[in-house]
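The values are calculated or read from the model by the stated rules, or taken from the named source; none is laboratory data. Given the structure is predicted, the values throughout are model-derived calculations rather than measurements. Every residue, glycine as well, gets a Cβ built from its backbone with ideal geometry; the counts of neighbours run over all protein chains shown. Accessible surface areas use protein heavy atoms only, side chains included; no ligands, DNA or RNA. Shrake-Rupley method; radii C 1.70, N 1.55, O 1.52, S 1.80 Å.
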Amino acid sequence: MYQEFFWDFDGTLYNTYPGMVEAFMDVFEQKGVKLDQDEVYRHMRQTSLGKTFAYYRTQNNLEEEPEALREEYNPIEAKLEDKMKPFDGVQEVLAKVVANGGHNYLMTHRNKSSLEMLAKFDLKKYFTDAVTAEKKFPRKPNPASLNSLVEKYDLDPQNCVMVGDRVLDIAAAHNAKMSGILFDPDDLIIEPASPEHRIQDMHDILNWIK
């Protein structure tokens with residue numbers, strides 16, 4: 001049972017992958033490279049957006065560095081935010097955490113657009129604090145961002161849990177001495193993660209709210 005919930009954004013709170021995959025494929029199509037949608041999605045889920053750029057850049061012998069490709073990608077993805085929506089069950093879980101006296105914290109590599117998207121669906125009100133890309137913390141699985149909020153709010157890691165859709169989220173949680181819930185809706189994660197809980201339906205979390 002947990003009281004303090006730390007949340008990844010992409011692929012956890014929000015299904016951002018439809019827009020991400022479309023924007024990613026658009027970047028490569030502009031360079032004459034056609035990619036398989038399902039394969040791109042699987043690669044993003046099992047690794048990361050950055051590693052997916054690096055992989056397809058190498059596979060297709062593109063001269064642009066991954067960082068340059070990412071700069072082309074960002075404005076395209078921003079125009080596709082209407083395709084990004086919360087997963088079913090997210091509102092119920094966030095609301096129950098708060099109703100039971102707990103707190104939600106956002107922990108994402110995405111920039112402040114994540115907060116804007118939360119506000120769009122009236123979910124931002126459930127969050128006590130957030131760490132976004134602007135705060136320049138080391139990327140997960142480094143626990144610095146998690147630890148900063150644990151210290152700021154004087155939390156007991158034993159009451160805390162990180163919810164994420166990738167192995168690095170679980171590793172960050174464990175590095176911060178807290179538990180991890182792996183949200184894997186389509187059962188694509190094959191890398192060992194050892195989460196305390198592995199779920200395909202967000203509603204399952206309702207059973208573990210203190």
- What ³J(HN,Hα) values, in whole Hz, does the Karplus curve 6.51 cos²θ - 1.76 cosθ + 1.60 give for region 140-145 when θ = phi - 60°, with x put for Gly and Pro? 4, x, 4, x, 4, 5
- Message: If you fit an axis through the alpha-carbon atoms of helix 49-59 and take the longest principal axis of the Cα set of the chain, what angle between them do you get, 0 to 90°, nearest 10?
- Response: 20
- Based on Cβ point charges of +1 for Lys and Arg and -1 for Asp and Glu, what charge dipole magnitude is obtained for the chain about its Cα centre, in debye rounded to the nearest 20? 520
- Message: At 1.4 Å probe size, put THR12, THR58 in order of accessible surface, largest to smallest.
- Response: THR58, THR12
- Message: I want the antiparallel fraction of DSSP beta bridges within the chain, as a percent rounded to 5.
- Response: 10
- Item | Simple Cβ-charge dipole of region 124-210, Lys/Arg +1 and Asp/Glu -1, about Cα centre, in debye nearest 20 | 440
- Under 10 Å, Cβ to Cβ, from GLY89 - net charge with Lys/Arg +1 and Asp/Glu -1: -4
- Query: Non-local amide H neighbours of PHE6 (under 5 Å, H modeled in plane, Pro and chain starts lacking H): which ones?
  - Reply: TYR105, VAL161, MET162, VAL163
- Task: Grab the Cα-Cα distance for ASP129 and TYR153, subtract it from 0.36 nm times how many residues apart they are, and report the gain in nm with one decimal.
- Result: 7.7 nm
- In percent, how large is the relative contact order of the chain, given Cα pairs closer than 8 Å and 6 or more residues apart? 28
- Query: Given a 1.4 Å probe and every protein chain left where it sits, what share in percent of the accessible area of the chain is carbon and sulfur?
  - Reply: 47
- Task: Report ³J(HN,Hα) in whole Hz for each residue of region 89-96, in order, from the Karplus equation J = 6.51 cos²θ - 1.76 cosθ + 1.60 where θ = phi - 60°; Gly and Pro get x.
- Result: x, 4, 4, 4, 5, 4, 5, 5
- Pick the calculated Cα Rg over 2.2 N^0.38 Å for this structure from [x] 0.96; [y] 1.02; [z] 1.17? [y]
- Task: Using the Karplus curve 6.51 cos²θ - 1.76 cosθ + 1.60 with θ = phi - 60°, work out ³J(HN,Hα) for each residue of region 182-190 in order, rounded to whole Hz, and write x for Gly and Pro.
- Result: 8, 8, 10, x, 10, 6, 9, 6, 10
- Query: Based on DSSP H runs of at least 4 residues, each adding -39500 (n - 2.57), what is the mean residue ellipticity at 222 nm of the chain after dividing by all its residues, to the nearest 500 deg cm²/dmol?
  - Reply: -11500 deg cm²/dmol
